[in-house]
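Worksheet for the structure shown next.
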Amino acid sequence: MNDKYTVKELEDKSKNVRLKILNLIYRAQSGHFGGSLSCVEVLIALYYKILNTPDDTMNRDRFILSKGHAAPALYSVFAELGIISNDELMSFRKFGSRLQGHPDMNKLRPYVEISSGSLGQGLSVAVGLALAAKIKEYNYKVYVMMGDSEIEEGQVWEAANLAANMHLKNLIAIIDCNSNDINLEKEASKWKAFGWNCKIIDGHDYDDIINSINNLNQQKNQMPNMIMAKTIKGKGIDFMENNPYFHNGKIDENMYKNAVNILKIIYK
(Lines give C-alpha, C1' and ligand atoms only; values in the text may rest on other atoms or scores of the structure.)
Protein backbone atom coordinates (compact mmCIF):
# COMPACT_ATOMS: atom_id res chain seq x y z
CA MET A 1 0.00 0.00 0.00
CA ASN A 2 1.25 3.49 -0.90
CA ASP A 3 1.13 5.81 2.12
CA LYS A 4 2.52 8.80 0.22
CA TYR A 5 -0.82 10.54 -0.37
CA THR A 6 -3.26 11.80 2.25
CA VAL A 7 -7.03 11.69 1.82
CA LYS A 8 -7.00 15.49 1.37
CA GLU A 9 -4.52 15.14 -1.47
CA LEU A 10 -6.66 12.45 -3.07
CA GLU A 11 -9.70 14.71 -2.80
CA ASP A 12 -7.74 17.44 -4.59
CA LYS A 13 -7.01 14.94 -7.34
CA SER A 14 -10.74 14.23 -7.59
CA LYS A 15 -11.20 17.91 -8.43
CA ASN A 16 -8.50 17.83 -11.09
CA VAL A 17 -9.78 14.64 -12.66
CA ARG A 18 -13.42 15.80 -12.79
CA LEU A 19 -12.36 19.04 -14.48
CA LYS A 20 -10.32 17.04 -16.97
CA ILE A 21 -13.29 14.77 -17.73
CA LEU A 22 -15.51 17.79 -18.27
CA ASN A 23 -12.99 19.50 -20.54
CA LEU A 24 -12.18 16.55 -22.76
CA ILE A 25 -15.80 15.47 -23.32
CA TYR A 26 -16.88 19.06 -23.95
CA ARG A 27 -14.12 19.53 -26.51
CA ALA A 28 -14.97 16.23 -28.22
CA GLN A 29 -18.73 16.93 -27.96
CA SER A 30 -19.08 13.21 -27.37
CA GLY A 31 -18.55 10.91 -24.43
CA HIS A 32 -20.03 9.45 -21.27
CA PHE A 33 -20.27 12.01 -18.49
CA GLY A 34 -22.35 10.01 -16.00
CA GLY A 35 -20.35 6.81 -15.67
CA SER A 36 -17.01 8.62 -15.88
CA LEU A 37 -17.77 11.08 -13.10
CA SER A 38 -19.18 8.33 -10.85
CA CYS A 39 -16.01 6.23 -10.70
CA VAL A 40 -13.41 8.95 -10.10
CA GLU A 41 -12.69 8.18 -6.44
CA VAL A 42 -12.38 4.43 -7.02
CA LEU A 43 -9.93 4.92 -9.89
CA ILE A 44 -7.83 7.42 -7.96
CA ALA A 45 -7.76 5.16 -4.89
CA LEU A 46 -6.61 2.24 -7.03
CA TYR A 47 -3.87 4.09 -8.90
CA TYR A 48 -2.56 6.14 -5.99
CA LYS A 49 -3.02 3.82 -3.01
CA ILE A 50 -3.72 0.23 -4.02
CA LEU A 51 -2.05 -0.99 -7.21
CA ASN A 52 1.39 -2.47 -6.74
CA THR A 53 3.73 -1.55 -9.61
CA PRO A 54 7.21 -2.92 -8.84
CA ASP A 55 10.14 -2.88 -11.27
CA ASP A 56 9.47 -6.59 -11.81
CA THR A 57 6.77 -6.11 -14.45
CA MET A 58 5.56 -9.70 -14.25
CA ASN A 59 4.54 -9.14 -10.64
CA ARG A 60 2.81 -5.80 -11.17
CA ASP A 61 -0.90 -5.67 -10.33
CA ARG A 62 -3.29 -5.63 -13.28
CA PHE A 63 -6.34 -3.38 -13.73
CA ILE A 64 -9.12 -3.81 -16.29
CA LEU A 65 -11.74 -1.15 -16.96
CA SER A 66 -14.48 -3.46 -18.16
CA LYS A 67 -16.94 -0.55 -18.35
CA GLY A 68 -14.86 0.91 -21.14
CA HIS A 69 -17.24 3.80 -21.80
CA ALA A 70 -15.75 5.39 -18.67
CA ALA A 71 -12.50 5.86 -20.60
CA PRO A 72 -12.59 9.66 -20.02
CA ALA A 73 -12.10 8.97 -16.30
CA LEU A 74 -9.26 6.52 -16.92
CA TYR A 75 -7.51 8.87 -19.36
CA SER A 76 -7.90 11.77 -16.94
CA VAL A 77 -6.29 9.74 -14.15
CA PHE A 78 -3.47 8.84 -16.56
CA ALA A 79 -2.97 12.56 -17.24
CA GLU A 80 -2.97 13.32 -13.51
CA LEU A 81 -0.30 10.62 -13.08
CA GLY A 82 1.77 12.01 -15.96
CA ILE A 83 1.36 8.87 -18.10
CA ILE A 84 -0.08 11.06 -20.86
CA SER A 85 0.12 14.83 -21.27
CA ASN A 86 -2.74 17.25 -20.78
CA ASP A 87 -2.35 18.24 -24.44
CA GLU A 88 -2.81 14.63 -25.55
CA LEU A 89 -5.79 14.31 -23.22
CA MET A 90 -7.57 16.96 -25.29
CA SER A 91 -7.19 14.74 -28.39
CA PHE A 92 -9.94 12.45 -27.03
CA ARG A 93 -11.92 10.85 -29.87
CA LYS A 94 -10.01 12.72 -32.58
CA PHE A 95 -9.01 10.80 -35.69
CA GLY A 96 -5.61 9.18 -35.14
CA SER A 97 -5.57 9.80 -31.39
CA ARG A 98 -4.55 7.05 -28.97
CA LEU A 99 -7.46 8.13 -26.76
CA GLN A 100 -10.55 6.72 -28.40
CA GLY A 101 -14.03 6.39 -26.89
CA HIS A 102 -13.05 3.05 -25.34
CA PRO A 103 -9.55 2.02 -24.20
CA ASP A 104 -7.37 0.43 -26.89
CA MET A 105 -4.61 -1.83 -25.57
CA ASN A 106 -2.73 -1.63 -28.88
CA LYS A 107 -2.32 2.13 -28.46
CA LEU A 108 -1.84 2.33 -24.70
CA ARG A 109 0.39 -0.57 -23.73
CA PRO A 110 1.35 -1.36 -21.01
CA TYR A 111 -1.18 0.81 -19.18
CA VAL A 112 -4.28 -0.80 -20.71
CA GLU A 113 -4.51 -4.57 -20.32
CA ILE A 114 -7.35 -5.20 -22.79
CA SER A 115 -9.41 -3.26 -25.28
CA SER A 116 -12.68 -2.96 -23.42
CA GLY A 117 -16.17 -1.64 -23.85
CA SER A 118 -17.99 -4.75 -25.01
CA LEU A 119 -19.72 -5.17 -21.67
CA GLY A 120 -19.46 -8.48 -19.87
CA GLN A 121 -16.00 -9.47 -21.06
CA GLY A 122 -13.76 -7.79 -18.51
CA LEU A 123 -14.38 -10.20 -15.66
CA SER A 124 -13.63 -13.19 -17.88
CA VAL A 125 -10.27 -11.71 -18.87
CA ALA A 126 -9.55 -10.86 -15.24
CA VAL A 127 -10.26 -14.46 -14.25
CA GLY A 128 -7.78 -15.63 -16.88
CA LEU A 129 -5.08 -13.27 -15.63
CA ALA A 130 -5.69 -14.25 -12.00
CA LEU A 131 -5.62 -17.94 -12.85
CA ALA A 132 -2.35 -17.47 -14.76
CA ALA A 133 -0.81 -15.79 -11.72
CA LYS A 134 -1.90 -18.66 -9.52
CA ILE A 135 -0.53 -21.34 -11.86
CA LYS A 136 2.78 -19.55 -12.44
CA GLU A 137 3.03 -18.51 -8.77
CA TYR A 138 3.25 -14.79 -9.48
CA ASN A 139 2.32 -12.38 -6.70
CA TYR A 140 0.24 -9.89 -8.62
CA LYS A 141 -3.44 -9.16 -8.03
CA VAL A 142 -6.04 -8.48 -10.70
CA TYR A 143 -8.58 -5.69 -10.31
CA VAL A 144 -11.53 -5.22 -12.64
CA MET A 145 -14.18 -2.50 -12.63
CA MET A 146 -17.63 -3.28 -14.04
CA GLY A 147 -20.85 -1.34 -14.42
CA ASP A 148 -23.99 -2.28 -12.52
CA SER A 149 -25.94 -2.98 -15.73
CA GLU A 150 -23.07 -5.04 -17.09
CA ILE A 151 -23.58 -7.73 -14.45
CA GLU A 152 -26.80 -8.76 -16.21
CA GLU A 153 -24.61 -10.41 -18.87
CA GLY A 154 -24.55 -14.19 -18.60
CA GLN A 155 -20.81 -14.27 -19.29
CA VAL A 156 -20.21 -12.39 -16.05
CA TRP A 157 -21.80 -15.14 -13.99
CA GLU A 158 -19.94 -17.89 -15.85
CA ALA A 159 -16.72 -16.07 -14.95
CA ALA A 160 -17.90 -15.56 -11.37
CA ASN A 161 -18.54 -19.28 -11.00
CA LEU A 162 -15.14 -20.22 -12.40
CA ALA A 163 -13.34 -17.70 -10.17
CA ALA A 164 -14.89 -19.24 -7.06
CA ASN A 165 -14.24 -22.81 -8.20
CA MET A 166 -10.57 -22.00 -8.88
CA HIS A 167 -10.22 -20.19 -5.51
CA LEU A 168 -8.88 -16.99 -7.09
CA LYS A 169 -8.28 -14.93 -3.96
CA ASN A 170 -6.00 -12.67 -6.03
CA LEU A 171 -9.02 -11.38 -7.98
CA ILE A 172 -10.78 -8.20 -6.84
CA ALA A 173 -13.85 -7.11 -8.80
CA ILE A 174 -15.45 -3.70 -8.29
CA ILE A 175 -18.94 -2.76 -9.45
CA ASP A 176 -19.65 0.94 -9.97
CA CYS A 177 -23.21 0.94 -8.66
CA ASN A 178 -24.43 4.30 -9.95
CA SER A 179 -28.04 3.33 -10.62
CA ASN A 180 -30.82 4.24 -8.19
CA ASP A 181 -32.67 1.10 -9.21
CA ILE A 182 -30.13 -1.45 -7.99
CA ASN A 183 -30.77 -3.29 -4.72
CA LEU A 184 -27.28 -3.59 -3.29
CA GLU A 185 -28.11 -6.13 -0.60
CA LYS A 186 -29.88 -8.37 -3.10
CA GLU A 187 -27.01 -8.17 -5.58
CA ALA A 188 -24.45 -8.79 -2.85
CA SER A 189 -26.30 -11.95 -1.82
CA LYS A 190 -25.88 -13.30 -5.36
CA TRP A 191 -22.12 -12.89 -5.29
CA LYS A 192 -21.92 -14.46 -1.85
CA ALA A 193 -24.00 -17.39 -3.10
CA PHE A 194 -21.47 -17.84 -5.90
CA GLY A 195 -18.68 -18.15 -3.33
CA TRP A 196 -17.27 -14.62 -3.25
CA ASN A 197 -16.31 -12.34 -0.38
CA CYS A 198 -18.49 -9.27 -0.88
CA LYS A 199 -18.48 -5.80 0.65
CA ILE A 200 -20.82 -2.84 0.03
CA ILE A 201 -19.08 0.54 0.31
CA ASP A 202 -19.48 4.25 -0.33
CA GLY A 203 -17.71 4.67 -3.67
CA HIS A 204 -16.99 8.36 -3.03
CA ASP A 205 -15.38 7.91 0.40
CA TYR A 206 -11.64 7.35 0.15
CA ASP A 207 -11.28 5.82 3.61
CA ASP A 208 -14.08 3.35 2.89
CA ILE A 209 -12.70 2.43 -0.54
CA ILE A 210 -9.11 1.93 0.56
CA ASN A 211 -9.81 0.18 3.88
CA SER A 212 -12.41 -2.15 2.36
CA ILE A 213 -10.16 -3.26 -0.50
CA ASN A 214 -7.20 -3.78 1.80
CA ASN A 215 -9.32 -5.75 4.27
CA LEU A 216 -10.62 -8.05 1.54
CA ASN A 217 -7.07 -8.58 0.28
CA GLN A 218 -6.08 -9.70 3.76
CA GLN A 219 -8.80 -12.35 4.01
CA LYS A 220 -7.33 -15.76 4.86
CA ASN A 221 -9.84 -17.74 2.82
CA GLN A 222 -9.33 -18.61 -0.84
CA MET A 223 -12.36 -16.76 -2.22
CA PRO A 224 -12.41 -14.08 -4.93
CA ASN A 225 -13.37 -10.61 -3.73
CA MET A 226 -16.17 -8.26 -4.70
CA ILE A 227 -16.54 -4.57 -3.87
CA MET A 228 -19.96 -3.05 -4.57
CA ALA A 229 -19.31 0.69 -4.66
CA LYS A 230 -22.43 2.82 -4.25
CA THR A 231 -21.88 5.92 -6.39
CA ILE A 232 -23.78 8.80 -7.98
CA LYS A 233 -23.99 8.99 -11.75
CA GLY A 234 -22.60 12.36 -12.85
CA LYS A 235 -21.13 12.96 -9.39
CA GLY A 236 -19.99 16.52 -8.70
CA ILE A 237 -22.09 18.38 -11.28
CA ASP A 238 -25.58 18.74 -9.86
CA PHE A 239 -27.51 19.06 -13.13
CA MET A 240 -25.84 15.85 -14.36
CA GLU A 241 -26.32 13.81 -11.20
CA ASN A 242 -28.76 10.92 -11.72
CA ASN A 243 -29.82 12.48 -15.03
CA PRO A 244 -30.07 9.78 -17.74
CA TYR A 245 -29.42 12.34 -20.50
CA PHE A 246 -25.81 12.58 -19.39
CA HIS A 247 -25.17 8.87 -19.62
CA ASN A 248 -23.83 9.82 -23.04
CA GLY A 249 -24.57 13.38 -24.03
CA LYS A 250 -23.03 16.64 -25.12
CA ILE A 251 -23.24 20.08 -23.59
CA ASP A 252 -23.28 23.61 -24.98
CA GLU A 253 -21.03 26.46 -23.88
CA ASN A 254 -23.39 27.74 -21.20
CA MET A 255 -23.77 24.29 -19.66
CA TYR A 256 -20.00 23.85 -19.76
CA LYS A 257 -19.35 27.15 -17.97
CA ASN A 258 -22.03 26.31 -15.40
CA ALA A 259 -20.43 22.92 -14.76
CA VAL A 260 -16.97 24.48 -14.32
CA ASN A 261 -18.39 26.94 -11.78
CA ILE A 262 -20.15 24.15 -9.89
CA LEU A 263 -16.92 22.15 -9.62
CA LYS A 264 -15.00 25.19 -8.44
CA ILE A 265 -17.61 25.88 -5.76
CA ILE A 266 -17.56 22.26 -4.55
CA TYR A 267 -13.79 22.04 -4.42
CA LYS A 268 -12.84 25.62 -3.45
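Can you say whether ILE201 is surrounded by fewer than 20 Cβ atoms within 10 Å (Cβ to Cβ), free of Cβ contacts under 8 Å to residues at least 60 places away in the same chain and either assigned to a loop (DSSP other than H, G, I, E, B) or among the hydrophobic types (A, V, I, L, M, F, W, C) (or both), as far as the supplied structure shows?
Judged against the criteria, ILE201 is not a match.
Assess whether ASN178 counts as being open to solvent by 10 Å² or more (accessible area, probe 1.4 Å) and more than 19 Å from LYS67 (Cα to Cα).
no
I'd like the full set of residues that are in contact (Cβ under 8 Å) with a residue 40 or more places away in the chain and among the aliphatic types (A, V, I, L, M), limited to the stretch 220-265.
Listed by number, the residues that qualify are MET223, MET226, ILE227, MET228, ALA229, ILE232, ILE237, MET240, ILE251, ALA259, VAL260, LEU263.
Residue check: is SER116 open to solvent by 10 Å² or more (accessible area, probe 1.4 Å), at pLDDT below 95 and within 16 Å of the chain's Cα centre (by Cα)?
Taking the combined requirement at face value, the residue satisfies it.
Does the stretch 81-91 contain at least one residue that is open to solvent by less than 30 Å² (accessible area, probe 1.4 Å) and modelled with pLDDT under 90?
yes
Name the residues in the stretch 114-138 that are touching a Pro at 6+ places or on another chain (Cβ under 9 Å) and under 30 Å from PHE33 (Cβ atoms), would you?
We begin by selecting, within the stretch 114-138, every residue touching a Pro at 6+ places or on another chain (Cβ under 9 Å); these are 114-117, 127, 130.
ILE114, SER115, SER116, GLY117, listed by residue number.
Which pairs do you get when a residue that is on the phi > 0 side of the Ramachandran plot, found in the stretch 96-119, comes within reach of a residue that is open to solvent by less than 60 Å² (accessible area, probe 1.4 Å) and aliphatic (A, V, I, L, M), reach meaning Cβ atoms under 9 angstrom, with the pair 6+ apart or on two chains?
GLY117/LEU65; GLY117/ALA71
Determine which single condition MET145 fails, assuming it passes every other condition in (1) under 22 Å from MET223 (Cβ atoms); (2) surrounded by fewer than 19 Cβ atoms within 10 Å (Cβ to Cβ).
Status for MET145: all satisfied but (2).
Restricting attention to the stretch 25-46, which residues are surrounded by fewer than 24 Cβ atoms within 10 Å (Cβ to Cβ) and either modelled with pLDDT of 95 or more or within 30 Å of LYS4 (Cβ to Cβ) (or both)?
Correct list: LEU46 only.
Looking only at residues that are open to solvent by 70 Å² or more (accessible area, probe 1.4 Å) and in a loop (DSSP other than H, G, I, E, B) in the stretch 120-138, which one is farthest from ARG60 (Cα to Cα)? Show your work before the answer.
Narrowing the stretch 120-138 to residues open to solvent by 70 Å² or more (accessible area, probe 1.4 Å): 121, 134-138.
Then drop every residue that is not in a loop (DSSP other than H, G, I, E, B), which leaves 121, 137-138.
Working: GLN121: 22, GLU137: 13, TYR138: 9 Å.
Filtering first and then ranking leaves GLN121.
Rundown of residues vs (1) within 19 Å of the chain's Cα centre (by Cα); (2) under 26 Å from ASP12 (Cα atoms); (3) of a type in the set (Phe, Trp, Tyr), yes/no style:
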position	(1), (2), (3)
ILE182	yes, no, no
LYS190	no, no, no
ALA193	no, no, no
GLY203	yes, yes, no
ILE213	yes, yes, no
ASN221	no, no, no
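Of all residues in the stretch 232-259, count the ones that are of a type in the set (D, E, K, R) and under 18 Å from HIS69 (Cα atoms).
Number satisfying all stated conditions: 4.
Taking the stretch 128-172 as the search range and keeping residues that are β-branched (Val, Ile, Thr) and in contact (Cβ under 8 Å) with a residue 60 or more places away in the chain, which one is farthest from LYS230 (Cα to Cα)?
In this case the residue turns out to be VAL142.
Could you grab me the full set of residues in the stretch 147-175 that are of a type outside the set (A, V, I, L, M, F, W, C) and farther than 23 Å from ARG60 by Cβ?
GLY147, ASP148, SER149, GLU150, GLU152, GLU153, GLY154, GLN155, GLU158, ASN161, ASN165
The values are calculated or read from the model by the stated rules, or taken from the named source; none is laboratory data. Every value quoted in this text rests on a predicted model; they were computed, and no experiment measured them. Cβ sites come from the backbone with ideal geometry, for glycine too, and all protein chains shown count toward neighbours. Note: areas computed on protein heavy atoms with side chains; ligands, DNA, RNA excluded. Shrake-Rupley method; radii C 1.70, N 1.55, O 1.52, S 1.80 Å.
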